[in-house]
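Some notes on the structure that comes next.
The values are calculated or read from the model by the stated rules, or taken from the named source; none is laboratory data. Since this is a predicted model, take the numbers as computed values, not measurements. Here the Cβ positions follow ideal geometry from the backbone for every residue, glycine too, while neighbour counts run over all protein chains shown.
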Ligand code: SF4
């Protein structure tokens, strides 16, 4: 094993459900945005050279002073069983912690090579956590690409954090769950404070020492739709989820904040008075982009699990025609509020048989396809404009002030293709 440090509703009448070949990234990708969010965390991938290459290329843009992720590569000698992997892992972690006292939270991130699966990383993390006296905290989660999709990396990471959160006792609080950009956190915090919700926490917090407490008086609201396991773990700690659409676009953000306000018994008139101005500004800023998107046909391949909220935003606020909205998994309880807002008879699909889905896509000749990187290049070569869904997770897209930027992420590939056609 060696360390390779990388530089820095109407619901649809039918849902197509398919299982077959899929084109998705694995959960290791989440490290790219999680390491930006939790600023004193370190992500140590335990994997193969493939894993190292994936993380390095996915995060290729981040070359800052000190890298905060690395890969402990399982070498061939390990595969032949000639090394005690637990000892190797302990050695690598010890060296890392000695060299990097700034690390306050260390995640051992599992992957899918068979030798890694055999390693009990959760037990290893508990052993090391104990040995280092919880300084730093050492946790484990899996970023494996077997039967998962890339945003599940964040879900698994946050799920691993939940048991470590302090007990909130009788303190009442709102917890916003899901990694959002710092600027988005600041905006939401200002709005919730103005509405009158006194205690607002974010999971994950920006620093390991600032993770929120949780308890029976915690009400949590998801900022990201792909956090089913985290939501379950919070339920087990006694917290209760506030059901709402997701804060994408002016409408989604308004409904999301209104749902939180209602759960805290805030007078709707007060909420309205706080939201009126930012909501109007967001709607006005969207108008210019709407003109570029209205009437365009958009096809979503299943990838990020953001597809349904994004489709709702594009249809209702940008006038887009939805051809098919694919999602890797349909968590009904987390999506109910979104499904109710989708245009009637929107064609949903869950799971993927990529060739058959490509056939449907080609037959419809959409103006824009939202998909993973693996499909984007061939579709572009066929003359179909594409948008990489992964960019939507890397970019600040939540909240009123980002609504027009979000719409622009879809308008830009259309403008680029129009230029190419000229
Ligand atoms: Fe590939 Fe699995 Fe490593 Fe992801 S975790 S890079 S899918 S080997």
Open item on the list: Can you say whether residue 163 is surrounded by fewer than 22 Cβ atoms within 10 Å (Cβ to Cβ), away from the ligand (no atom under 16 Å from the Cβ) and either in a helix (DSSP H, G or I) or at pLDDT below 95 (or both), as far as the supplied structure shows?
Closed with: yes
Task: Listing of helices (runs of 4 or more DSSP H) fully contained in the range 247-333 that carry 1 or more residues being farther than 28 Å from residue 367 by Cβ - done: 249-263, 268-293
- [ ] May I ask you to list the residues in the range 221-246 that are surrounded by fewer than 16 Cβ atoms within 10 Å (Cβ to Cβ) and assigned to a loop (DSSP other than H, G, I, E, B)?
- [x] 238, 243
Task: Residue that is nearest to residue 328 (Cα to Cα), among those in the range 92-126 that are exposed (fewer than 13 other Cβ atoms within 10 Å of the Cβ) and either away from the ligand (no atom under 13 Å from the Cβ) or within 20 Å of the chain's Cα centre (by Cα) (or both) - done: 118
Task: Given (1) crowded, with 19+ Cβ neighbours inside 10 Å; (2) over 17 Å from residue 387 (Cα atoms), number of the condition residue 343 does not satisfy - done: (1)
Open item on the list: Going by what's in this entry, would residue 320 be described as touching a helix residue (DSSP H, G or I) at 6+ places or on another chain (Cβ under 9 Å), within 23 Å of residue 57 (Cβ to Cβ) and at pLDDT 95 or above?
Closed with: no
Task: Qualifying positions in the range 135-147 - more than 16 Å from residue 95 (Cα to Cα) and away from the ligand (no atom under 16 Å from the Cβ) - done: 139
Open item on the list: Exactly one condition in (1) over 29 Å from residue 357 (Cα atoms); (2) under 25 Å from the mean Cα position of the chain (by Cα); (3) within 16 Å of the ligand (Cβ to nearest atom); (4) at pLDDT below 80 is false for residue 73; which is it?
Closed with: (2)
Open item on the list: Just the residues that are within 26 Å of the chain's Cα centre (by Cα) and surrounded by fewer than 17 Cβ atoms within 10 Å (Cβ to Cβ), please, taken from the range 127-150.
Closed with: 146, 147
- [ ] Considering only the range 100-129, state which residues are under 24 Å from residue 39 (Cβ atoms) and part of a helix (DSSP H, G or I).
- [x] 121, 125, 128, 129
Task: Checking residue 299 against (1) modelled with pLDDT of 95 or more; (2) surrounded by fewer than 19 Cβ atoms within 10 Å (Cβ to Cβ), the condition it does not meet - done: (2)
- [ ] Considering every residue within the range 1-18, establish whether at least one is under 30 Å from residue 312 (Cβ atoms), part of a helix (DSSP H, G or I) and at pLDDT 85 or above.
- [x] no
Open item on the list: For the range 32-70, which positions are at pLDDT 80 or above and within 11 Å of the ligand (Cβ to nearest atom)?
Closed with: 45, 46, 47, 48, 49, 50, 51, 52, 53, 54, 55
